[in-house]
Amino acid sequence: MIALILDTFIPAEQELGMPSASAIDFDGYANRYGVQDLVSRYAALVDAVAFEKLTQPFSTLSEGERLNVINATRAKDIRLFSGFITHVFRAYYSAAEVLTLVGGGAVPPFPDGNVLENDDWTQLEPVYERGPIYRAVEEPTA
């Protein structure tokens, strides 16, 4: 069930070679960050909304119907939805296989990580030389 929910949020992208969200170790992430209860509550909400809207379990729905159910969960409990989707994105975009595919790394881009191009700071000289462009405000007298 969780795999279907994850893949509804982030399906695989064949052209780019990106894995679906269920291809990463989301269970490991949930255990590591102690969000198993949130995941369980969200899965229960998804199934409840599927039965309420379509009288079927989430696992039997088409891709479009699953997406409609996911959207309906947002309206039903925005906090639970937001908490769950935040962890889905964090888990997915911190997974080593995804970082490798998007060209990211495990190191921060600055100062020791990725190379930053030198900028031409002389472009800002006219702005600096212009000086302040706000008007002074007088202090009220008591």
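The values are calculated or read from the model by the stated rules, or taken from the named source; none is laboratory data. Keep in mind that this is a model prediction, so the values were computed, not measured. Every residue, glycine among them, receives a Cβ derived from its backbone with ideal geometry; neighbour counts consider all protein chains shown.
If you filter the range 1-44 down to residues that are among the charged types (D, E, K, R) and farther than 26 Å from Gly103 by Cα, you find that the one that is surrounded by the most Cβ atoms within 10 Å (Cβ to Cβ) is Arg41.
Scanning the range 108-123 turns up one or more residues that are among the charged types (D, E, K, R), within 30 Å of Pro19 (Cβ to Cβ), in a loop (DSSP other than H, G, I, E, B) and modelled with pLDDT under 80. Among residues of the range 17-44 that are within 14 Å of Ala3 (Cβ to Cβ) and modelled with pLDDT under 95, those with a Cβ under 8 angstrom from a residue that is surrounded by 12 or more Cβ atoms within 10 Å (Cβ to Cβ) and among the charged types (D, E, K, R), sequence gap 6+ or separate chain, pair up as Pro19/Glu97; Ser20/Asp7; Ala21/Asp7; Ser22/Asp7; Ala23/Glu97; Ile24/Glu97; Tyr29/Arg90.
Select from the range 49-59 the residues that are at negative phi, without any contact (Cβ under 8 Å) to a residue 40 or more places away in the chain and surrounded by fewer than 16 Cβ atoms within 10 Å (Cβ to Cβ) and list them in ascending order. Those that are at negative phi, without any contact (Cβ under 8 Å) to a residue 40 or more places away in the chain and surrounded by fewer than 16 Cβ atoms within 10 Å (Cβ to Cβ): Phe51, Glu52, Lys53, Gln56, Pro57. So Ala75 passes all but one of these: (1) farther than 15 Å from Leu6 by Cα; (2) touching a residue at least 24 places away in the same chain (Cβ under 8 Å); (3) among the small types (Gly, Ala, Ser). Which condition number does it fail? All conditions pass for Ala75, except number (2). Is it true that some residue in the range 60-76 is outside any helix (DSSP H, G or I) and either buried (at least 16 other Cβ atoms within 10 Å of the Cβ) or at pLDDT below 95 (or both)? Yes, the range 60-76 contains a residue that is outside any helix (DSSP H, G or I) and either buried (at least 16 other Cβ atoms within 10 Å of the Cβ) or at pLDDT below 95 (or both).
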